[in-house]
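Let me begin by presenting the structure, written as structure tokens, before commenting on it.
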Amino acid sequence: MTIRARIFRSSKRNFDCQRSDNKEVVTATALATLLKEDHIVVGDWVELIPPPMTGQEWVIQKVLERSNFIFRNIPRVQKKNVIAANIDVLLIVVSAGVPAFKRGLVDRYLVRSDYWNIPAYVIFNKMDLYEESEFDIQFEADRLKWLNVECFELSAHEGNYKQRYLGEGFKELSDKLAGKTAILVGQSGVGKSRLITELSEGKIQLLSGETNRANKGSHTTTWAELIDGEKFALIDSPGIRSMSLSDLTQEELIMSFSDIQEFATKCKFVSCNHEENNKGCFFQQLNKEERENQLILSRLDSYKRVLEEVMQIPDWQKK
Ligand SMILES: Nc1nc2c(ncn2[C@@H]2O[C@H](COP(=O)(O)OP(=O)(O)OP(=O)(O)O)[C@@H](O)[C@H]2O)c(=O)[nH]1
Ligand SMILES: [Mg+2]
Ligand SMILES: [Zn+2]
């Protein structure tokens, strides 16, 4: 008889799994054939063989088919590292304080969201520290709405923070996540771990930077870990500085920028790079005073930056 379980934490040899039958977390090892790289990750559903006698080990004998998985591209070695599996929603967390908001990184995550076919929400966290001089949240939110991406305004630090700019905040996010598995991604220090603590309503206390400030060593997350929030499952992931998209082909990239693709068909030049000096290019003749045009041009800018990266490796070398 085997028992179905979900991987909460994985290391080289040992895996913390939560049994589906009684929610108990047990530590298991895995059959050697399953220990190939990236074979068992957080979020995976597995079949466990109970220990034959007390004191012996639980063993993972099978990894069930994944509905999806997310990975990090490591351009230096042209390799992909699988991070987590069976995800319903990607929570792209950005901060209104430190570290500073990076629009380009959000756009990169949106490319991945499209590529993985996993919907994304953008969370504007640390809104208790927001200053309008830093970035224009209304512009960013309009831009995201235009891309059909929902966004939320909150503070993982002030539980009773009231939204000032966006319609949706902490409660709406919490409701939207019901019954789902979500992974929190973003730069280091944006408050992913803190937000998980908040969303679990204090049932789970993850260490975030602050908790440990007194005893030095920062509490940055180093491993992806699934947290059972009862109402929803949340995966905490280590912060990143940048995200490589160099594994995408040019065609895949343009598919993830369908907004730009659509406008590009309006450009009368056949192979236009939409650069500033192209007189008559659709993008270059837009009136930059208009908000919607600023939005389009900001997307074009993101697209061009990623395209440059994608073109560094010839398409035929990919896959
Ligand atoms: N003022 C304020 N501080 C926050 C908020 N959210 C998180 N913080 C603080 O920001 C710091 C970093 O938070 P973490 O939750 O550790 O950030 P993280 O995204 O998990 O970082 P990594 O694990 O390194 O990726 C901590 O000191 C938190 O207490 C917020 O909404 N407002
Ligand atoms: Mg963390
Ligand atoms: Zn053009």
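From the Cα gyration tensor of region 154-204, with a ≥ b ≥ c the square roots of its eigenvalues, which class applies: rounded if a/c is under 1.5, or else prolate if a/b is larger than b/c, or else oblate? Rounded. Measuring gaps between exposed loop sites in the chain (chymotrypsin sites (Phe, Trp or Tyr not before Pro); DSSP loop; at most 14 other Cβ atoms within 10 Å), the longest gap, sites not included, is 1-222. The alpha-carbon atoms of region 250-317 define a convex hull whose volume equals 89 cubic angstrom per residue. The mean accessible area for residues of region 69-236, using a 1.4 Å probe and ignoring ligands and nucleic acids, is 47 Å² per residue. Residue-wise HN-Hα couplings along region 168-177, as the Karplus relation 6.51 cos²θ - 1.76 cosθ + 1.60 with θ = phi - 60° gives them from phi, are 10, x, 4, 5, 4, 5, 4, 5, 5, 7 Hz; Gly and Pro carry x.
Of the accessible area of region 38-174, computed with a 1.4 Å probe over protein heavy atoms only, carbon and sulfur atoms account for 50 percent.
In the chain, excluding the sites themselves, the longest stretch lacking any of the GluC sites (Glu not before Pro) that are in a DSSP loop with at most 16 other Cβ atoms within 10 Å is 66-130. Rounded is the label for region 69-236. Its Cα gyration tensor axes, ordered a ≥ b ≥ c, give a/c under 1.5. Once the chain from Lys79 to Thr29 is taken as fully extended at 0.36 nm per residue, the excess over their C-alpha distance is 15.4 nm. Along region 3-15 the Karplus relation, 6.51 cos²θ - 1.76 cosθ + 1.60 evaluated at θ = phi - 60°, assigns HN-Hα couplings of 10, 7, 8, 10, 6, 9, 8, 10, 10, 3, 10, 10, 10 Hz to successive residues, with x for each Gly and Pro. Computed over protein heavy atoms with a 1.4 Å probe, the accessible surface of region 250-317 works out to 66 Å² per residue. What shape does region 66-114 take by its C-alpha gyration tensor, where a ≥ b ≥ c are the square roots of the eigenvalues and a/c under 1.5 counts as rounded, a/b above b/c as prolate, and the rest as oblate? It is oblate, given that a/c is not under 1.5 and a/b is not larger than b/c. Applying Stokes-Einstein at 20 °C and 1.002 mPa s to the Kirkwood radius of region 3-63, computed over alpha-carbon pairs, gives a translational diffusion coefficient of 191 µm² s⁻¹. Let me check against my output: what whole-number percent is the relative contact order of the chain, with C-alpha pairs under 8 Å and at least 6 apart? Relative contact order of the chain: 13 percent.
Taken as Cα centroids, region 87-141 and region 1-65 sit 34 Å apart, rounded to the nearest whole angstrom. The slack between Ile254 and Arg4, meaning 0.36 nm per residue of separation minus the straight C-alpha distance, is 86.0 nm. Using a 1.4 Å probe on the protein chains only, how many percent of the accessible area of region 246-314 belongs to carbon and sulfur? Ligands and nucleic acids excluded, carbon and sulfur reach 46 percent.
Over all other residues within a Cβ to Cβ distance under 10 Å of Leu226, the charged ones net out to -3, with Lys and Arg as +1 and Asp and Glu as -1. With angles folded into 0 to 90 degrees, how steeply does helix 137-146 sit against the dominant principal axis of the chain? Use alpha carbons for both and round to 10. It is inclined by approximately 90 degrees. Between 0 and 90 degrees, the angle of helix 103-116 with respect to the longest Cα principal axis of the chain falls at about 60 degrees.
Under the combined filter of DSSP loop state and at most 11 neighbouring Cβ atoms within 10 Å, region 151-186 retains these trypsin sites (Lys or Arg not before Pro): Lys162, Arg164.
For region 183-188, putting each phi into the Karplus relation 6.51 cos²θ - 1.76 cosθ + 1.60 with θ = phi - 60° gives couplings of 10, 9, 10, x, 5, 5 Hz, in residue order, rounded to whole numbers and with x for Gly and Pro. The alpha carbon convex hull volume per residue for the chain rounds to 163 Å³.
The values are calculated or read from the model by the stated rules, or taken from the named source; none is laboratory data. Please read these numbers as outputs of a predicted model, since none were measured by experiment. Quick reminder, even Gly has a Cβ in these numbers, built from the backbone with ideal geometry, and neighbours come from all protein chains shown. The protein model used for the area step is the full one, side chains on, heavy atoms only, and it has no ligands, DNA or RNA in it. Shrake-Rupley method; radii C 1.70, N 1.55, O 1.52, S 1.80 Å.
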